[in-house]
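The values are calculated or read from the model by the stated rules, or taken from the named source; none is laboratory data. Note that the structure is predicted; figures quoted are calculated from it, not measured. With ideal geometry, Cβ positions are generated from the backbone for all residues, glycine too; neighbour counts draw on all protein chains shown. Ligands, DNA and RNA are stripped out before the accessible areas are found, and what is left, the full protein with its side chains, is counted by its heavy atoms. Shrake-Rupley method; radii C 1.70, N 1.55, O 1.52, S 1.80 Å.
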Amino acid sequence: MRAYLGYLSNEQEVVDDRASRREITSAYLPVGMVSRIRALRQMATQLVRQSGNDYVPELEAVTQDELGTLFERPPKPTTFRANEIVANKFRFLAPVHAGEVFYLFARLDPYEQAELIQRQRKDPGRSFTRFGGGRGERAACGQTNLRPRRAAPK
């Protein structure tokens, strides 16, 4: 957690430094960069508090217009449900209002992706993801399905 928050602080410093040196104009400044960092910080803190685990997955914060950067066919954000697997790659966490609305996703780790693919092979008639071919399997409301960090073999 501390490392992730440090990373976000460094990102904020870079943006602030480039703006103060007038290396970039406010028009060139990536849209909502400060708000995006705030949304990521808020979600990382919330995840750690909920899970009691100091591990933060790789998070992505996108606006509705930027959904195409994550998905070939951008889905409608109104259809997202908390903890839903989207396109076998991401778990939708929540929308966060930080100046503008950001949709936050946790990238599935390779173990989760492999498990998901294995479950799909065992039961090919049932889809476990959204926008990958059918209805998604959903977790109970408020339940966090984030896996604890795996220790490396000794």
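Largest first, how would 7, 103, 55 line up by accessible area (1.4 Å probe)?
On the way: 7 115, 103 35, 55 65 Å².
Of 7, 103, 55, the descending order of accessible area is 7, 55, 103.
Give me the accessible area of residue 78, 1.4 Å probe, in Å² rounded to the nearest 10.
110
I'd like the GluC sites (Glu not before Pro) in the stretch 62-96 restricted to DSSP loop residues with at most 16 other Cβ atoms within 10 Å, sorted by number.
Counting only loop positions with at most 16 other Cβ atoms within 10 Å, the GluC sites (Glu not before Pro) in the stretch 62-96 are 72.
Over the Cα atoms of the stretch 1-118, compute the convex hull volume and normalise it per residue, giving Å³.
On the way: hull volume 14.4 nm³, N = 118.
For the stretch 1-118, the hull spanned by Cα atoms encloses 122 Å³ per residue.
Return the sequence-ordered ³J(HN,Hα) values of the stretch 43-57 in whole Hz as given by the Karplus equation 6.51 cos²θ - 1.76 cosθ + 1.60 applied to θ = phi - 60°, using x for Gly and Pro.
5, 4, 5, 4, 4, 5, 5, 5, 8, x, 10, 7, 8, 10, x
Within the stretch 1-105, what whole-number % of the accessible surface is contributed by carbon and sulfur, with the 1.4 Å probe and all protein chains included in the calculation?
48
Taking the Cα centre as origin and putting +1 on Lys and Arg beta-carbons and -1 on Asp and Glu beta-carbons, what dipole magnitude results for the stretch 4-105, to the nearest 20 debye?
Computed charge dipole of the stretch 4-105: roughly 240 debye.
Extending each Cα 7 Å along its Cβ direction at residue 109 and residue 17, get the distance between those two points in nm, one decimal.
Using points 7 Å along Cα→Cβ, the separation is 3.1 nm.
Sorting 56, 34, 86 by accessible area (1.4 Å probe), largest first, what list results?
My answer, sorted largest first, is 34, 56, 86.
Suppose the chain between residue 54 and residue 72 were pulled fully straight at 0.36 nm per residue; how much longer would it get relative to their current alpha carbon spacing?
Numbers: separation 18, 0.36 × 18 = 6.48 nm, distance 3.21 nm.
Roughly 3.3 nm would be gained on extension.
Within the stretch 46-70, list the residues whose amide N lies under 17 Å from a label point set 7 Å along Cα→Cβ of residue 8.
Counting backbone N atoms under 17 Å from the label point, the list is 46-63.
Roll a 1.4 Å probe over the protein heavy atoms and report the accessible area of residue 33 in Å², nearest 10.
We get 40 Å² for residue 33.
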